[in-house]
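Engineer: The structure is given below, and queries will be raised subsequently.
Throughout, read-outs are computed from the coordinates displayed, never taken from laboratory work. No experiment lies behind these values; they were computed from the predicted model shown. Cβ atoms come from the backbone with ideal geometry, glycine included; neighbour counts cover every protein chain shown.
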Amino acid sequence: MHDIILHHYPASPFAEKIRLILGAKGLAWHSVTIPWIMPKPDLMPLTGGYRRTPVLQIGADVYCDTALIARVLDARAPQAPLFPADRVAARSVADLADRDLFGAAVAYVFQPAGFAALFQGMNKPQIDAFIEDRKTMRTGGGARMAVPEATGQLHGWLQRLTDHLADGRPFLMGEAPTIADFSAYHPLWFVQRAPALAAIVTRYPALAAWFARMTALGHGQSRELAADEALTIAAAATPADGQGLAWVDYHGCQSGDEVEIEPADYGIVPVRGRLVISAPDQLAVRRSDPRAGEVTVHFPRIGYQMRKVAR
Ligand SMILES: N[C@@H](CCC(=O)N[C@@H](CS)C(=O)NCC(=O)O)C(=O)O
């Protein structure tokens, strides 16, 4: 079985969601640090254009989006399930938190007190480059909400999450953390990194205690890996072909058809390749790169769009 390789950077909230899942499951993993803005020259050979953070690599298989990465890790280490059969709502709560709570948290941090923490140690050209990068990334997506809206929505979320814990349960869905906890955690983690803004969370004591319980799960055991080595590992491995997965078709596509897949919300960069997986909740293309070799790039179906490339 190939090792787990996470391509990420320390300040990424979605990466923190995955680091914490790795911790909760006690997994060992390799850490490849990627740039937090484009260009990402050692990541593109693996993803074929997908630029968001994090990305999971297992051999020559590349998994985009934490919604899918969480499922892959859960299949690999099924104990302490992220998606317990008797807590089916966890997944939908998680999707909502990843989108709406995260959106409110980021917009809330994008105010002077938050910028001070976010941009600590950076010079003006670096800050300008970051702002320009994120503007480009949002092209074609919705505008970021204003701080008053973000503040009100964040309070709304903090109250809702507190309501989950009202009966004294330690985690949002019960006695053990599920995907809902990890998706609700990372936006609050992002807010807490700005000390001047962190008080918004501590005003909800039950939630602050939950946050501390989540933080204690840690990040598992990680070892740094050079980006080049990750590419060498991909080139030496054989990618998955989706055997055993159901094939469902809504696009008039057959196995091997040339397609493009891209996020539907932001960071909308198409990844082109031959369709090898078209399962109910997962898509994947096979592509070839001079440095990474033959790789399969996987996406969740929800949140992504696909089109057939006319020949
Ligand atoms: N739906 C995606 C969202 C990922 C995302 O928005 N990641 C942020 C960092 S937390 C990002 O990609 N920022 C731009 C970048 O890293 O280049 C997921 O769940 O993985």
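Engineer: Tell me the angle of helix 179-192 to the major Cα principal axis of the chain, expressed in degrees between 0 and 90 and rounded to the nearest ten.
Structural biologist: Long axis of 179-192 versus the principal axis of the chain: about 60 degrees.
Engineer: Using θ = phi - 60° and the Karplus relation 6.51 cos²θ - 1.76 cosθ + 1.60, list the HN-Hα couplings for the range 85-99 in order, rounded to whole Hz, with x at every Gly or Pro.
Structural biologist: 4, 9, 9, 4, 5, 4, 5, 6, 4, 4, 4, 5, 5, 4, 8
Engineer: Regarding the chain, what are the three Cα extents along the principal axes, ordered largest first, in Å?
Structural biologist: That works out to 55, 50, 39 Å along the principal axes.
Engineer: By DSSP, what percent of the beta bridges with both residues in the chain are antiparallel, rounded to the nearest 5?
Structural biologist: 75
Engineer: Apply the a/c threshold of 1.5 to the C-alpha gyration tensor of the range 52-92 and tell me whether it is rounded, prolate or oblate.
Structural biologist: It is oblate, given that a/c is not under 1.5 and a/b is not larger than b/c.
Engineer: Just to confirm my numbers, what's the Cα centroid distance between the range 1-56 and the range 217-257 in Å?
Structural biologist: About 13 Å separates the Cα centre of the range 1-56 from the one of the range 217-257.
Engineer: Let me have the 222 nm mean residue ellipticity of the chain computed from DSSP H runs of 4+ only, each contributing -39500 (n - 2.57), with the sum over all residues rounded to the nearest 500.
Structural biologist: -11500 deg cm²/dmol
Engineer: Sorted from fewest to most neighbouring beta carbons within 10 Å, what does the list ARG301, ARG169 look like?
Structural biologist: ARG169, ARG301
Engineer: Rank ILE277, ALA196, VAL295 by how far each Cα sits towards the positive end of the charge dipole of the chain (+1 on Lys, Arg Cβ; -1 on Asp, Glu Cβ) and give me just the farthest.
Structural biologist: Value computed over the given set: ALA196.
Engineer: Further question on the same structure: Kindly give the semi-axes, whole Å and largest first, of the ellipsoid equivalent to the range 103-215, taking each as the square root of 5 times a Cα gyration tensor eigenvalue.
Structural biologist: For the range 103-215, the ellipsoid semi-axes come out as 29, 15, 13 Å.
Engineer: Also, quick follow-up: Taking the Cα centroid of the range 263-297 and of the range 89-157, what is the distance between the two, rounded to the nearest whole Å?
Structural biologist: Here the two parts' Cα centres lie 27 Å apart.
Engineer: Continuing with this model, one more query. Would you mind working out the magnitude of the charge dipole of the range 103-215 relative to its Cα centre, with +1 at each Lys and Arg C-beta and -1 at each Asp and Glu C-beta, to the nearest 20 Debye?
Structural biologist: Once rounded to the nearest 20, the dipole reads 200 debye.
Engineer: For each of SER278, SER222, count neighbouring Cβ atoms within 10 Å of the residue's Cβ, then give the residues from fewest to most.
Structural biologist: Ascending Cβ contact count within 10 Å gives the list SER222, SER278.
Engineer: A further question on this structure: About the Cα centre of the chain, how large is the charge dipole given +1 on each Lys and Arg Cβ and -1 on each Asp and Glu Cβ? Please answer in debye to the nearest 20.
Structural biologist: Its charge dipole is roughly 380 debye.
Engineer: Apply the a/c threshold of 1.5 to the C-alpha gyration tensor of the range 156-226 and tell me whether it is rounded, prolate or oblate.
Structural biologist: Since a/c reaches 1.5 but b/c is at least a/b, the shape of the range 156-226 is classed as oblate.
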